[in-house]
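The values are calculated or read from the model by the stated rules, or taken from the named source; none is laboratory data. Everything quoted here is computed from the prediction, not taken from an experiment. With ideal geometry, Cβ positions are generated from the backbone for all residues, glycine too; neighbour counts draw on all protein chains shown. Keep in mind that these areas ignore ligands, DNA and RNA; they rest on the heavy atoms of the full protein, side chains included. Shrake-Rupley method; radii C 1.70, N 1.55, O 1.52, S 1.80 Å.
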Amino acid sequence: MAEPRKIIIDTDPGQDDAAAIMLALGSPDELDVLGITTVAGNVPLALTSRNARVVCELCDRRDVKVYEGAERPLLRQLVTAEHVHGKTGLDGPVVDEPTMQVEAQHAVDFIIETIRAHEAGTVTLCTLGALTNIAHALQKAPEIAPRVRELVMMGGGFFEGGNITPAAEFNIYVDPDAAKIIFASGIPIVMMPLDVTHKVLTYKSRVEKIRAIGSRPAVAMAEMLDFFERFDIEKYGSDGGPLHDPTVIAYLLRPELFKGRDCNVEIETASELTVGMTVVDWWQVTDRKHNAKVMREVDDQGFFDLLTERLARL
Ligand code: RIB
Ligand code: CA
């Protein structure tokens, strides 16, 4: 068995972030979660940090280290998404307030120190929210960029358009200036845009399979999905909501579930009409450098089978 892959999960929980964290913690043979770093996004930082610890305690993993990061984007005012995730950001299950503490070290310093401390090319960054923490880390310690193995991110959208504006997906929209830095950094990027995540829908049958596991984390996850999907069903009229963030972790576990291509991706940061748009040169109509592997297809049943199987291990 190969060594588990070392990852840092940067996140703004969020029910779908919670699913991603549980998928990672349910896969200890393949993934070594070096730490969870929180960022403001779906809800303010104090809540994303609370929620990350709630999820760790639901999984009985008080040993996981949670580091608090940026409470606002690099330049813009914070935009949050309580309309999707509820007031707490983790509405759905009744949960206990966490008793585990956040670490004293700032998330940005943890990211820098961890990448410096581990052999070059061995740490993978998994980003599930705005890219603010990663951008701060690259600004503070530019020499870490070539040491990062890969940055696998949920963010952006192209053929699928946006979900917070007609042009922009939420994670990029919250901090487009941070995204611009990341896409210019030279770090190998794998991008899970709405084009993929709108194909992994939490059908009732899928949520019931998770609930039927019967464990505390699985039942809590099912209750999170009961809450989370109501918004997207109203909006898209779909049976179930898109389960965005766990696609990042699923890619690390079973990359063959996904299909995409190397593309150039640029970030709109100037026009108020399209700020936060990920301009993906899918048809290679320019000679701009490829800077991301952009996913577009997914085996959605295979994805949910993996998620359910790993939740059952918690
Ligand atoms: O647009 C979806 C993304 O924004 C997901 O990561 C969700 O958790 C929110 O952060
Ligand atoms: Ca998220």
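General observations
- The chain - percent of accessible surface contributed by carbon and sulfur, probe 1.4 Å: 52 percent
- Between region 174-211 and region 34-101, the C-alpha centres lie 17 angstrom from each other.
- Per-peptide packing, taken as the mean over residues of other Cβ atoms within 10 Å, places 82-91, 45-54 in the sequence 45-54, 82-91 from highest down.
- Computed over the Cα atoms of region 54-96, the ratio of the radius of gyration to the Kirkwood radius (Rg/Rh) comes to 1.06.
- Anchor Lys289: aspartates and glutamates whose Cα lies under 18 Å away (excluding residues fewer than 8 positions away in-chain): Glu150, Asp262, Glu266, Glu268, Asp281
- With helices as the sole contributors, the chain gives -10500 deg cm²/dmol at 222 nm; each DSSP H run of n ≥ 4 counts as -39500 (n - 2.57), and the sum is divided by every residue.
- Region 94-205, Rg to Rh (Cα coordinates; Rh as Kirkwood inverse mean 1/r): 1.03
- Long pairs among Lys199/Lys259; Lys65/Lys293; Lys65/Lys140; Lys65/Lys259, criterion Cα-Cα beyond 24 Å: Lys65/Lys293; Lys65/Lys259
- Computed E for His118/Arg211 - FRET, C-beta separation, R0 35 angstrom, nearest 0.05: 0.40
- Peptides ranked, highest mean first, by Cβ atoms within 10 Å: ranges 93-106, 165-178, 13-26: 13-26, 165-178, 93-106
- Residues of type aspartates and glutamates that Lys209 reaches as a straight line, Cα spacing below 16 Å, ignoring anything fewer than 8 places off in the same chain: Glu223, Asp226, Glu229, Asp239, Asp300, Asp305, Glu309
- A simple packing score, the average count of other Cβ atoms within 10 Å per residue, orders the peptides 144-156, 297-309 as 144-156, 297-309, with the highest score first.
- Ligands, DNA and RNA are left out, and with a 1.4 angstrom probe the accessible area of the chain is 39 Å² per residue.
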